[in-house]
1. Only helices at least 18 Å long along their axis, Cα-based, and averaging 1.0 or more on Kyte-Doolittle count here, so list those DSSP H runs from the chain.
2. With the contact rule set at Cα under 8 Å and sequence spacing of 6 or more, what percent relative contact order holds for region 2-449?
3. Using 19 Å as the Cα-Cα cut-off, could you pick out the over-long pairs in K71/K243; K408/K430; K243/K408; K243/K418; K172/K341?
4. Determine, for S208, S84, S358, S200, the number of other Cβ atoms within 10 Å of each Cβ, and report the residues in order from fewest to most.
5. Taking the chain as a Gaussian network, where each spring joins two C-alpha atoms under 10 Å apart, which residue of F66, F422, F269 fluctuates the most?
6. Among D376, D132, D257, which one moves the most in a GNM of the chain with springs linking Cα atoms closer than 10 Å?
7. Any lysines with Cα under 29 Å of the K204 Cα? List them, leaving off those in the same chain fewer than 8 positions away.
8. When W111, W425, W400 are ordered from fewest to most other Cβ atoms inside 10 Å of their Cβ, what list results?
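Just so it is clear, none of the values below were taken in a lab; they were calculated from the coordinates. Computed from a predicted model, the values in this text were never measured in an experiment. A quick note on method: Cβ atoms are made from the backbone with ideal geometry, for glycine too, and the neighbour counts reach across all protein chains shown.
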Amino acid sequence: MEKSLVKRENWGSRIGFIMAAAGSAVGLGNIWRFPYLLGENGGAAFLLIYLAFVVFIGVSIMIAEFAVGRKSSRAAVGAYKSHSQNWTFAGVLGVLSAFFIMGFYPVVGGWSAAYVAKSFTGLLSNPEAIGDVFGGFITGSTQPLVWMLIFMLFNVVIVAKGIAGGIEKAGKILMPVLFGLLVLIAVRSLTLPGAAAGLSYMFKPDFSAVTGQTFLAALGQAFFSLSLGMGCMITYGSYLNKKEDLVSNATLVTGMDLGVALLAGIAMFPAIFAFGMEPAVGPGLVFVVIPSVFAAMGGIGMLLSIIFFVALTVAALTSSVSLMEVAVAYFIDERGMERKKAVYSVSSAMAVLCVLSSLSMGAMSGVTVFGVGFFDFFDILTDKIFLAIGGLLLAIFVGWFLDKEELKQELTNGGTVKFALFEAWYTLIKYVIPVAIAIVAVAGIRSIAQ
Ligand code: PFF
């Protein structure tokens, strides 16, 4: 029963859908990951490549995912399978991606939740120690695990109930709060003495450091940040009303995602340079820079820090529930499992992966898979390999296996809305994107191997 109810469910309103899709897209990828990748990959050059990938690949793939989802009215695996059994594997790859991303994402979600508590308990009172506090915290063997489990539990409760209820409401309030706070931090950061160096790091490209790996990192980040290449947006599109304009929805969601990432960068880089910090510190960036900015604000800083990390945790949650839902929907739709049972089994497996990821920061740092710890392994495997392959497969599927006229009908709602760039989009999907992804993947993997 539940299955058929879920299948016929539609988004109540356009804004509901936009918020859900943007909620999935905007998450740790924008605020935690984007700035540190920018820092590790030389700043502006990375930004330019990232922008090009978002504009030429990201939007087009999102349009394609929405179209496939709405056309088939099925979640990822079912959508592929409804075309041909031979394509089932492409959907299953997406489910695997969801599993492995959920093998490290909740660890970082847990860090964020922990930082709400730490903001209360004196994190900001000793600005010099903020970096050490972060290092000490994530390498521990109990605290980060407890916070990860708390974060996972929120996911379980929400996904077991179905996504629509509380989380959407919380998102509707907290996403704008997060945005407002980022603007505030950006203003503070930009007015610190020495801030200009951060801006020029972010916007003045130096191509000397660009390698094949930079391109692969930017491509992976575009897919990760926009929730593409693993069927998440196919699933969301499948609940979409036939009257909705898919192209403008995709453009809007992509624009919002990009806007938040840029804002996160503008909030952080001026402060990084003003405080004389290193831009290439990796995953700790947001947890060190943001509290440092708040610490420099005096009394109000503590309050803002609490609100910031609550909002970041909720942004992470609106993304992680979409990841968990992809895996859960597979077990419900394809394996006939009951929702609650699917949620419990899927989340337990994810929690085990998360324990390995979290411990790989400390107690298990010596244990490596292909030369890296579990956290990095799940991260690299998904965003540099699985999502790119998932995007490639989707482009081939849409460009070469679906009927062009039917796609046009789907994207123009039977000719009632305009899609002036249809031919350009189709050429991108059919020829340009598959070739571009293949080149970037090969060049990137070769340069990692060197
Ligand atoms: N887009 C999310 C973020 O930027 O944090 C992460 C994500 C969610 C990736 C859902 C993939 C996905 F299907």
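1. On the way: long enough: 59-72 (20 Å, 0.84); 88-101 (20 Å, 2.16); 105-120 (24 Å, 0.59); 143-161 (28 Å, 1.84); 166-190 (35 Å, 1.51); 212-225 (20 Å, 0.86); 246-274 (42 Å, 1.68); 299-333 (51 Å, 1.87); 339-359 (30 Å, 0.97); 433-449 (24 Å, 2.16).
In the chain, the long hydrophobic H runs are 88-101, 143-161, 166-190, 246-274, 299-333, 433-449.
2. On the way: 708 pairs, mean separation 155.6, N = 448.
Here the relative contact order equals 35 percent.
3. Values: K71/K243 12 Å; K408/K430 14 Å; K243/K408 14 Å; K243/K418 13 Å; K172/K341 29 Å.
As for pairs spanning more than 19 Å Cα to Cα, those are K172/K341.
4. Details: S208 7, S84 10, S358 29, S200 14.
Placing the least packed residue first, the sequence is S208, S84, S200, S358.
5. Fluctuation is largest for F422.
6. D132
7. Reachable lysines: K384.
8. Fewest-to-most ranking of W111, W425, W400: W400, W425, W111.
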